[in-house]
Amino acid sequence: MKRRTPTAVFISGRGSNMEALLRASQSPAYSAEIVAVMSNRPDAKGLETARAYGIEAMSFDHRQFATREAFEQVVDGYCRDRQVEIIACAGFMRVMTEGFAARWLGRMINIHPSLLPSYRGLDTHARALTEGVRIHGCTVHFVTGDLDAGPIIAQAAVPVFEHDTVHTLAQRVLVQEHVLYPLVLDWVASGAVTLQSNKVSYAFPPPDEFEPLFSPSASR
Ligand code: GRF
């Protein structure tokens, strides 16, 4: 039987990306086995969703810890006790210290709702609309000590339409997040994508042909 890499998903809220990962990991062919879901917020809706999938879901309220390091030590121990090899952050709203990021370097990934390096941080969709960009999207990257600045593994782009609101744009991006994140976790968990000297290395060949993405379409 195929070896599946024990993986923890970190969340802070709704958990729709977590659910996309849980759904993908139900296939025995998927390379990651999600063994735990951890939230820094006890009221995160995603905790219930994870339990409904039969996954152990735990919260460690960061406000109960005196320091970031104390919080991270408990989280680290929780993962180690479960032999976790990969951490997938999915709407996890806690910035981790350099120390934690270094300990998990190459083994911790995150999904961010913008085409990085544009719009690091919060309110990405509102900022994209304010700037008037015509293409927006999402990024999965390795986590480093620099917020939303780790090596990029993959991105998905969507068009921005004239009458978009934050809500319509966020929805369009979210649909792609739910496609992109399960793909990338599978690649990382299988070892097809690795971090080598701070660069992302792919064990699969690049495509022979590619389709450029125009928004608005160039064919009018
Ligand atoms: C997603 O847009 C994710 O990219 C960002 O926070 C949002 C979390 O949504 N980091 P959900 O909790 O996965 O539904």
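Tallying residues that are crowded, with 17+ Cβ neighbours inside 10 Å and of a type in the set (Gly, Ala, Ser) within the range 136-153 yields 2. Regarding the range 116-127, can at least one residue be identified that is farther than 26 Å from TYR30 by Cα, among the aromatic types (Phe, Trp, Tyr) and open to solvent by 40 Å² or more (accessible area, probe 1.4 Å)? No, every residue in the range 116-127 fails to be farther than 26 Å from TYR30 by Cα, among the aromatic types (Phe, Trp, Tyr) and open to solvent by 40 Å² or more (accessible area, probe 1.4 Å).
When the strands (runs of 3 or more DSSP E) confined to the range 1-96 are screened for residues that are open to solvent by less than 40 Å² (accessible area, probe 1.4 Å), those reaching at least 3 such residues are found at 5-11, 32-39, 86-89. Residues that are at positive phi and either under 16 Å from the mean Cα position of the chain (by Cα) or of a type in the set (Phe, Trp, Tyr) (or both) number at least 1 in the following strands (runs of 3 or more DSSP E) confined to the range 103-220: 135-142. In the range 169-193, the residues that are closer than 10 Å to ASN17 by Cα and hydrophobic (A, V, I, L, M, F, W, C) never reach a residue that is assigned to a helix (DSSP H, G or I) and open to solvent by 40 Å² or more (accessible area, probe 1.4 Å) with C-beta atoms less than 9 angstrom apart, at least six apart or across chains.
Look at ARG120 and say whether it is within 13 Å of the ligand (Cβ to nearest atom) and over 22 Å from VAL188 (Cα atoms). Judged against the criteria, ARG120 is a match.
The values are calculated or read from the model by the stated rules, or taken from the named source; none is laboratory data. Because the structure is predicted, anything quoted here is derived from the model rather than measured. Reconstructed Cβ throughout: ideal geometry from the backbone, glycine too, with neighbour counts over all protein chains shown. For the accessible areas, the whole protein counts, side chains as well, though only heavy atoms, and no ligand, DNA or RNA atoms are used. Shrake-Rupley method; radii C 1.70, N 1.55, O 1.52, S 1.80 Å.
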